[in-house]
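The values are calculated or read from the model by the stated rules, or taken from the named source; none is laboratory data. Since this is a predicted model, take the numbers as computed values, not measurements. All Cβ positions, glycine included, derive from the backbone under ideal geometry; neighbour counts span all protein chains shown.
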Amino acid sequence: MGYNSLKRGRKSLHPLLVYEGASRMLLNACLRPGNTSSSTDVLPFAQQTLALLGSHQVRYARFDKGFGGEDFYAFWEAQKIGYVGKLKWTPRLQQQVKSCEQWTRFVDEEWIIEGISLLYRATTWEKTRRVAVIRKMPRWDGDQSQLELDLLWQYEALVTTEAWEAIDVWRFYNQRCCMENYIKEGKNGFAIHRIPTQSFAANEIDLLLKLLAYNLFERFKHHCCDPIRQSYTIQRMRREFFRSAGTLLYVMLVR
């Protein structure tokens, strides 16, 4: 099925998934061999996803650094869809950031968080784009002054079409972490990580059926469950509603 770098010889597949952030619904999915990169066939997949949405407008897209590149950015810009994407922290970007002196401090509590915005053009880009950079370090000495050495900062860079403050770009991107929970639900609740057959086509159909079940479950919770249960995973739903626990009591009769 594809190369598995962690467990050599074991079959592997590489799904491509896209979710709608507010509703948790899966919008589109496809299966690829395990030896493909994250960006393989991503543009046709994005075009297909927008076609499936029809008249439903997409306002923003979020994606990690595996989906970067001139063609990918230009696609969203041509569609007039705003985006925030993670950038690889390259030596060239690092050197340009080092020349920036006017950092804005946004948080100064348990973490010190500072940010800047700059115009940057990677070697493979056809034009300059706006990049927000956030650096942070833990505050370890309470209310005392702290020596802020360069080697203590942790850096994150995000390319974006939006003219927001760097902290707002960063926080908007971090909402993408919810998608990891959706994928985890697919794995733990619907076994989308299982490879049931030797047939690639059959495995893709199996994946899509499981993801259809995931979507139906999300719609069921939204339309049929009270708010406190709308956050339940399928495992908790099964445990509380479909698996009725019984208690066996031993009664000793004394005459």
Restricting attention to the range 19-26, does a residue exist that is out of contact with any Asp or Glu (no Cβ under 9 Å at 6 or more places or on another chain) and without any contact (Cβ under 8 Å) to a residue 12 or more places away in the chain? yes
Which number in (1) surrounded by 11 or more Cβ atoms within 10 Å (Cβ to Cβ); (2) part of a helix (DSSP H, G or I) marks the one condition that Arg194 misses? (2)
Return the pairs, sorted by first residue and then second, in which the second residue is among the charged types (D, E, K, R), the first residue lies in the range 90-105 and is surrounded by 10 or more Cβ atoms within 10 Å (Cβ to Cβ), the beta carbons are less than 6 Å apart, and the residues are 6+ apart or on different chains. Trp103/Glu114; Arg105/Glu114
From Glu204, Glu165, Glu185, grab the single residue that is touching a residue at least 24 places away in the same chain (Cβ under 8 Å), of a type outside the set (Gly, Ala, Ser) and not assigned by TED's automatic domain parsing to the domain that holds Pro15. Glu165
Of all residues in the range 212-230, count the ones that are under 24 Å from the mean Cα position of the chain (by Cα) and part of a helix (DSSP H, G or I). 12
Can you tell me how many residues within the range 41-58 are assigned to a loop (DSSP other than H, G, I, E, B) and touching a residue at least 24 places away in the same chain (Cβ under 8 Å)? 1
With the checklist (1) loosely packed, with under 12 Cβ neighbours inside 10 Å; (2) assigned to a helix (DSSP H, G or I) in hand, flag the one item Tyr182 doesn't pass. (1)
Selected residue (only one of Trp103, Trp76, Trp153 is at pLDDT 95 or above and either touching a Gly at 6+ places or on another chain (Cβ under 6 Å) or of a type in the set (Phe, Trp, Tyr) (or both)): Trp76
Looking only at residues that are at pLDDT below 90 and under 25 Å from Gln175 (Cα atoms) in the range 21-39, which one is nearest to the chain's Cα centre (by Cα)? Gly21
